[in-house]
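A short worksheet on the structure shown next.
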Amino acid sequence: MLDTTLFEAILDNAPEGIYILDNDGNYIFANAHYINMTKMSKSELLSYNVRTFFSTGQIDICISDIVYREKRRVCMFQDVFYEEDNNKWRHRQLIISTPVFDDNGEVCNIVAFVRPLDSIDEVYYEANASDAVSRATIPLSVAPALNVVGESPVMRSLLTMAKAMADVDSSVLITGESGVGKEVIAQWIHKSGKRSERDMVVINCASLPPSLLEAELFGYEKGAFTGAATTGKAGLFEEADGSTLVLDEVNSLPLELQGKLLRAIETKSIQRIGSTRQHSVDFRLIAASNEDLSAMVEERRFRADLFYRLNVIPLHIPPLRERREDILPLAFHFLREYCEKYNKNKLFVQQTLDLMEQHDWPGNVRELKNFVERAVVMSVGVLIDIPVVKGIGKTSVASAMPQETQRQAQENFEGMVRSGVTLNEHLDACEAAYLQYVIDGYKSSYLAANVLGISQASVIRKKHKHGIK
């Protein structure tokens, strides 16, 4: 067996700081690199408890406590504060903290790897994701092949119910506002059921005029009407034979077609336009509506008998504003999707996450998805920040400011106009101020370049231009 001195020598030569804690947070080992980072002697450090650094304000978060409590590996950023000769500064580092368990499944030790922010490379994305998602779990994919994401209790319950009735042929009525994902749930039901080997057939009832809609649904014989194909055409009911037919926005179905649809559902047979023969079809029907069909029945805009025939298994998807637990999981799901699609590496900053959670998303999941795609495509650099992507939905950066801040900005602009400040002078001042802020926060010109979306050489050149140290 190798002796402990060799193990210590190996760890001392590691390119990152390493320390080991006992089950109560006491340091029992630290390699040379970590000791140099703490600016303490080895004997002094080994007399410390990791919580002491937090209680004295030397670190902003005790990551080890998270590991002890949640019994899992944690990868997060940690700020360390130093003071020397009346000068104070902040150093940001990455902690990768891993638990070691005893025979009873309790944490007996913690092994932590520490990297200065300047040296982060492949773990940069993981750290930002952990830091940003400290209040939200990673998206739950209930149906991995379909990427159905649902963390809220109401969505978990809905998906459980949808899966339970996937193998039966009862009609399903999915309701909810536009953009909540009704077709995604319909696809999930279809793919989870016995008809999944055939493609699901979908038609939007609001997309076609009544005459064309009837032809699309039921098909027609040759010469049935002017412009009809000489060979005739099978309708969507026939195409859905052995599969699932989804009638999206069924609330838009004309009254004159509702009776014919009811008969097709009840008899499982259809009659093409211009034909006298009935065709038997074996289909499973899923209808979706963004209006309350029961209210439409009362208003005589929808047949009561058809409503009751469709509403055998009702599934209601609440709007996104009523299930905010799903906002961030969906956002991260779409972020990964569009980063892969556009070959980009993007990260949300905490401000963006907070604003996404606060936003009501009147366009629901569709609006959120569009926002994330726009953010991935338009943002400069790695980080996605609201001022960079020009707001969420219809909210601009200016409208997101408090009114007092907007008034102050207008007064400042008026003073600049009176003083004869040119646009180039103002842009130079803004560039210098923003550059100074980023450099103060990140210390490294490499990281500042990532945040600013410019090259490291440009950062250094602009520092010299504005006299920034």
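Read-outs: derived from the displayed coordinates by stated rules, not from any lab. Quick caveat, the model's predicted, so the values are computed rather than measured. Here the Cβ is made from the backbone with ideal geometry for all residues, glycine too, and neighbour counts use every protein chain on show.
Brief remarks on what is shown
- Highest average packing first - 157-163, 286-292, Cβ atoms within 10 Å: 286-292, 157-163
- Amide H within-cut-off set for residue 108, under 5 Å, with H built and near neighbours excluded: 100, 101, 102
- Sequence ranges 237-248, 202-213, ranked by mean other-Cβ count within 10 angstrom, highest first: 237-248, 202-213
- Sequence-ordered 3J(HN,Hα) estimates for the stretch 8-21 from the Karplus curve with 6.51, -1.76 and 1.60 and θ = phi - 60° stand at 5, 5, 5, 5, 5, 9, 5, x, 9, x, 9, 9, 10, 10 Hz, glycine and proline given as x.
- Residues whose placed amide H lies under 5 Å from that of residue 174, excluding near-sequence neighbours: 287, 288, 289, 315
- Residues whose amide H comes within less than 5 Å of that of residue 150, counting only those at least five positions distant or on another chain, are 140, 142 (H built at 1.01 Å from N in the peptide plane).
- Listed values for the stretch 175-192 are Karplus-derived 3J(HN,Hα) couplings in whole Hz (6.51 cos²θ - 1.76 cosθ + 1.60, θ = phi - 60°), namely 10, x, 4, 4, x, 7, x, 5, 5, 5, 5, 4, 5, 4, 4, 4, 5, 8, and x replaces Gly and Pro.
- Derived scalar couplings ³J(HN,Hα) [the stretch 199-214; Karplus, 6.51 cos²θ - 1.76 cosθ + 1.60; whole Hz; x for Gly, Pro]: 5, 6, 10, 10, 9, 8, 5, 8, 8, 10, x, x, 5, 6, 5, 4
- Shown for 352, 267: other C-beta atoms within 10 Å of each C-beta, ranked fewest to most, produce the order 267, 352.
- Set 182/369; 346/463; 182/344; 163/191 screened for pairs whose C-alpha atoms are more than 19 Å apart: 346/463; 182/344
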